[in-house]
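Below is one structure, written out as structure tokens; the observations come after it.
What follows is calculated from the coordinates using simple rules that are stated; it is not laboratory data. Worth saying up front: this structure is predicted, and the values here are computed from it rather than measured. When we count neighbours, we look across all protein chains shown, and the Cβ atoms used for this are built from the backbone with ideal geometry, even at glycine.
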Amino acid sequence: MQGVSEAVLQSIENVKKLQEITRTSMGPNGMNKMIVNHLEKLFVTNDAATIVKELDVIHPAAKMVVLASQTQESELGDGTNLVIVLAGELLHNAEALITKGLHPSEIVAGYIKAGQKAQEILDELVVHTVQNLTDVDEVARCLRPAIASKQYGYEDLLAPLLAKACIQILPKNPKNFNVDNVRVSKVLGGGIFDTTLVKGLVVPRDTEGTIKHVTNAKIAVFAGGIDLAKPETKDNVLITTPEELMNYSKSEEKAIEDVIRKISESGAKVIVSGAVIGEMALHFIERYKMMALKVLSKFELRRLCQAVRATPLVRLGSPLPEELGHADIVTVDELGSNKLTIFRQESDESGISTLVVRGSTQNLLDDIERALDDGVNVFKGITKDARFVPGAGATEIELARRLSAFADATPGLIQFAIKKYGEAFEVVPRTLAESSGLKTNEVLTGLYAAHGKGQVNDGIDIEDGTVKNAKDMGVLDLLVTKASAIRLATDAAVTVLRVDQIIMSKPAGGPKPPQQGPTDTDD
């Protein structure tokens, strides 16, 4: 396909279809999507990052927008929907200019200039800066909008819990904060209001032996199994007398008992294995009054080592004092029909926080996990840049208003492109109003009227449809997230507009050539 009418308009059409899918999921009242992926796994979510990840997007232009949203997800963890919706709206507005006769290069020039101006305006709209990163109330206030956009109604419960979880593990240099250290353990049963916070790590499985509770525990972690090594070669042992048979198994018992005794003498009260624990080994672990736990995921094992500050050992034997980990309490707790092993740190040195989330279905638990993940990423963003702009569509309407005035002052044809760039921001308040069942035109008119009077913080109150101060409502958006989303959406739209040919190579028809196998029997 080539030329403006075919290649560009075809690309815009495909991006618009992608935008329509994710646009209705925006905001607290955003609709859920039911996706069945290629493995026939069911997802019910309004999280744009999950939607585009599970969709099989083939058209190259739409794929470009998906890549931009994935970049936003990997860098900032939030604002993926804004990237797709804004890119789609920018291209939709460009389509109107192209059909009027404007050349794509003039639109691109206007969009780039407007994008730079939008970044300047954003810096002027800051309404709040987090002063104290260790104040739970102040942090929770900033995390609330991120959680509300995914789980509206549960933000007052989840935001303070998440704020405590983040502050508990905040390193001395806040910029080194790691989002992976806030874990979410999902337990079916109960309700969301049964969600609790644990200072330490929760492993969702029971221990192997009868010992279920240890205090002030030293922990030995073995990456391999705790069992006697099997010989590499197969040999036959000739046993001629009953005594020889008895002594054969006794030597095996003695070898494993020596290993367990040495581990016990090192002071360890808990043994964690990354593979199997043999029956004979378990017998001696019980005899020496130690707790035994299997953790079969290597990632979970790594997190456990980080939480208790232990070194995973590949050799089976007595650990050195510096290789042992420590937890104040290791206990087995039962939630519903699920057994959880909790490594709790009462001291201030816990490297990991775990939120034990309860819920009625797996889909609900997954969706809450995504909401909490967005909240944690907002906290990480605060550690880098703690400035916030008003949410609820206030920032977008102000950008649209100021860019329209900027366009009027710009000479040449690019002023049409700048005007359309500004209009694209209207999609956010329009979508928020639509998904809340409000009259869109009335809401947009009310917003423009309020902002014209200088009330730049005014946004939509989705509960009663009126225009209110977003700062007073507590609806704030992180500046770096918003700025990054606008930049990536602009880049994606400009890239699509610059394409004037789409060339796709496809294999010629006819039967497929036979599969080439190994030519030599030794291969």
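Does anyone have the angle between helix 298-308 and the longest principal axis of the chain? Alpha-carbon axes, 0 to 90°, nearest 10? With rounding to tens, the tilt is 80 degrees. P(r) tail for the chain, what percent of Cα pairs lie past 34 Å? Roughly 51 percent, once rounded to a whole number. Note that the stretch 51-62 has calculated 3J(HN,Hα) couplings of 4, 6, 5, 8, 6, 9, 8, 10, 4, x, 5, 5 Hz, one per residue in order, obtained from phi through the Karplus relation 6.51 cos²θ - 1.76 cosθ + 1.60 (θ = phi - 60°); glycine and proline are x.
Between 0 and 90 degrees, the angle of helix 136-148 with respect to the longest Cα principal axis of the chain falls at about 70 degrees. Listed by chain and number, the aspartates and glutamates whose C-alpha is less than 12 Å from the C-alpha of Lys199, apart from same-chain residues fewer than 8 away, are Asp328, Glu346, Asp348, Glu349. Scanning residues 5 or more positions from Asp458 or on other chains, those with amide H under 5 Å from its amide H are Ala470, with H placed 1.01 Å from N in the peptide plane. The P(r) of the stretch 277-335 has a tail past 17 Å containing 52 percent of all C-alpha pairs. Distant-in-sequence amide contacts of Leu335, defined by a placed amide H-H separation under 5 Å and a gap of 5 or more residues or a different chain, comprise Leu340. Residue by residue, the stretch 27-39 carries 3J(HN,Hα) couplings of x, x, 9, x, 7, 7, 10, 9, 10, 10, 7, 5, 9 Hz when phi is fed to the Karplus relation 6.51 cos²θ - 1.76 cosθ + 1.60 (θ = phi - 60°); x denotes Gly or Pro.
Taking only DSSP H segments of four or more residues, each worth -39500 (n - 2.57), what value at 222 nm results for the chain once the sum is divided by all its residues, to the nearest 500 deg cm²/dmol? Walk me through the numbers before you get to the answer.
Details: 17 runs with 246 residues, N = 523.
Helix-only estimate at 222 nm: -15500 deg cm²/dmol.
In sequence order, the stretch 464-477 has phi-based couplings of 10, x, 8, 9, 9, 5, 5, 5, 5, 6, x, 9, 10, 10 Hz under the Karplus curve 6.51 cos²θ - 1.76 cosθ + 1.60, θ = phi - 60°, and Gly or Pro positions carry x. Taking the fewest neighbouring Cβ atoms within 10 Å as the starting point, the ordered list for Tyr421, Tyr288, Tyr111 is Tyr288, Tyr111, Tyr421. Kindly provide log₁₀ I(q)/I(0) values, in the same order as q = 0.10, 0.11, 0.12 Å⁻¹, from the Debye equation applied to equal alpha-carbon scatterers of the stretch 61-188. Taken in order of the listed q values, log10 I(q)/I(0) reads -0.51, -0.61, -0.70. Each peptide in 318-329, 23-34 was scored by the mean count of other Cβ atoms within 10 Å over its residues; highest first, the order is 23-34, 318-329. Of the three principal axes defined by the Cα atoms of the stretch 241-394, the extents in descending order read 89, 37, 24 Å. P(r) tail, the stretch 48-118: Cα-Cα pairs separated by more than 14 Å, 66% of all pairs.
Suppose we keep just the DSSP beta bridges with both residues in the chain; what percent of those would be antiparallel, to 5?
65
Computed over the alpha-carbon atoms, the stretch 120-220 gives an Rg to Rh ratio of 1.07, Rh here being the Kirkwood radius from the mean inverse distance. Take the Cα of Tyr288, step 7 Å toward its Cβ, do the same at Thr71, and the gap between the two points is 5.5 nm.
Summarising the amide proton neighbourhood of Gly474: residues at separation of 5 or more, or on other chains, whose placed amide H is nearer than 5 Å comprise an empty set. Normalised by the number of residues in the chain, the average gap of Cα pairs under 8 Å and 6 or more apart makes the relative contact order 25 percent.
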